[in-house]
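Accompanying notes for the structure given below.
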Amino acid sequence: MNYSLSKHQLALLLIASLSSSAQGFTVPFDRSFPASALSTAVTAASSPRTGNSCLFSTDFDFPSAMPEKPELTMEEKLIESADNFIEAMDNQLSDKSIAPPELEALREARKANADPKEMTLKIYELMIERAMRYDEDPETSTLTPTGFDIPNNLDVPEVKKEFAHLYSYGMMLMNRGMLDGETLKGIVIERLIKRTELTPEEFDKWLGY
């Protein structure tokens, strides 16, 4: 099981950072987060370059006068995130035969130019499976199948932190309109809660909701 949050996970789905204040599944899905719980989307515009050109004797700063790169649209950022995640997984897997089916599902969605919600769903599912199925070498970032026993290690702080992060991330996506409530509920039950062998109510209590 991969405890650490990789740079690829943190870059996913256009979000720079996440303040975790999600509600549990015992709370209705239409309840919104406070605005302070949501971070702003990543912007793609680069900062203007600075410094004077040695080719001119005037004070005109030619480099800084160059136009900024156009900011990517939300859909373009999502596509970029999907491409980066696919490339990262391909490079990190110690053996291509151990790739999760969710990786190929995201690849196919990308080839088919899937709509943003479908792409978000595939990225989130792969994000969960990456964390649940693999151990990551801290030096090489290589991913190998894990033999970690989740149900018997729920008292390990890192385990709870990983589940809380993935759960809260999904709730954030729902509140941003990137996943619908029923879809998210199904993902969390099948891919997170069942792995703990807890009931949904016990799962919420375990995470402190």
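The values are calculated or read from the model by the stated rules, or taken from the named source; none is laboratory data. Quick caveat, the model's predicted, so the values are computed rather than measured. When we count neighbours, we look across all protein chains shown, and the Cβ atoms used for this are built from the backbone with ideal geometry, even at glycine.
Out of curiosity, is Thr120 over 13 Å from the mean Cα position of the chain (by Cα) and among the β-branched types (Val, Ile, Thr)? In short, no. Pairs meeting the criteria (first residue in segment 162-187 and of a type in the set (D, E, K, R), second residue in a loop (DSSP other than H, G, I, E, B) and surrounded by fewer than 21 Cβ atoms within 10 Å (Cβ to Cβ), beta carbons under 6 Å, at least 6 apart or on different chains) are Glu162/Tyr3.
Residues that are touching a residue at least 24 places away in the same chain (Cβ under 8 Å) and small (Gly, Ala, Ser) within segment 109-147 comprise Ala109, Ala131, Ser141, listed in sequence order.
The numbered conditions (1) surrounded by 13 or more Cβ atoms within 10 Å (Cβ to Cβ); (2) at positive phi are all true for Ala164 except (2). For segment 93-112, a residue qualifies if it is at pLDDT 95 or above and either farther than 25 Å from Glu162 by Cβ or in a helix (DSSP H, G or I) (or both), and the qualifying residues are Pro101, Glu102, Leu103, Glu104, Ala105, Leu106, Arg107, Glu108, Ala109, Arg110, Lys111, Ala112.
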